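The values are calculated or read from the model by the stated rules, or taken from the named source; none is laboratory data. The structure displayed is predicted, hence computed values, not measured ones. Using ideal geometry, Cβ is built from the backbone for each residue, glycine included, and neighbour counts are taken over all protein chains shown.
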Amino acid sequence: MDKQTENKKLIEQYPFLLHQHNLSGTYSTGFESTVLDDMPVGWRAAFGEDLCKEIIAELVRNNCVDSYQVLQIKEKYGELRWYSQGGTERIHREIVPKYEKMSRRICIQCGQPATLVTKSWVAPWCNACAEQFPCSKHVDSDAFYGSTDGEGEFSLPYLKWPPTAKVSGSFSRIHRTEAWKSVGV
Ligand SMILES: [Zn+2]
């Protein structure tokens, strides 16, 4: 399937992925790209479509598919940022934040479990990808986020990885600025 056909199919399934031009208020007419193209490749491979599926299910359940729009997807401070408007409160308070937190522990490059965090440009990496980019400096993920004092457990058993590569762990309450100081970022 070529890229345009693939994008058309994506937008039919998840209309909120259509690129919106905010300044003019008009919508993209072609299918050259979708908002999902702005998501780092590792995260997209790991959970991009799972996030879209949860959102569309929520929108359909509440009969408000047309009310929801994704404005921007990007990485910031090593985490996914998924800026959107409309839809339901649950999307903004539960569904999106859940994936934003998960993203900290998933390699931004390949979607495997992340074990390292790059310094300066804060981003999660797995050992294999970090080896391919030896110029970037890394610190241990647990040192960065804390390993035990979490605010919630998470696991991703549904990812299409080898079954042994299950991501699990906990989220830290550590203040981010303090965390950076502790690892010398
Ligand atoms: Zn990787």
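Key figures
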read-out: Of all residues in the stretch 39-72 being more than 18 Å from Gln13 (Cα to Cα) and either over 14 Å from the mean Cα position of the chain (by Cα) or not aromatic (Phe, Trp, Tyr) (or both), the one that is surrounded by the most Cβ atoms within 10 Å (Cβ to Cβ); value: Ala46
read-out: Number of the condition not met by Gly111 [criteria: (1) in contact with a strand residue (DSSP E or B) (Cβ under 7 Å, 6 or more places away or on another chain); (2) at pLDDT 90 or above; (3) under 30 Å from Phe144 (Cα atoms)]; value: (1)
read-out: Checklist (1) assigned to a strand (DSSP E or B); (2) outside the structural domain of Leu17 (by TED's automatic domain parsing); (3) acidic (Asp, Glu) applied to Glu75, failing item; value: (2)
read-out: Test result for Tyr99, more than 10 Å from the chain's Cα centre (by Cα) and crowded, with 18+ Cβ neighbours inside 10 Å; value: no
read-out: Qualifying residues in the stretch 116-128 (those that are within 9 Å of the ligand (Cβ to nearest atom) and either among the hydroxyl-bearing types (Ser, Thr, Tyr) or outside any strand (DSSP E or B) (or both)) - the one surrounded by the most Cβ atoms within 10 Å (Cβ to Cβ); value: Cys126
read-out: Residues (in contact with a helix residue (DSSP H, G or I) (Cβ under 8 Å, 6 or more places away or on another chain) and either assigned to a helix (DSSP H, G or I) or polar (S, T, N, Q) (or both)) located in the stretch 91-115; value: Ile91, Ile95, Val96, Tyr99, Met102, Ser103, Gln109, Gln112, Thr115
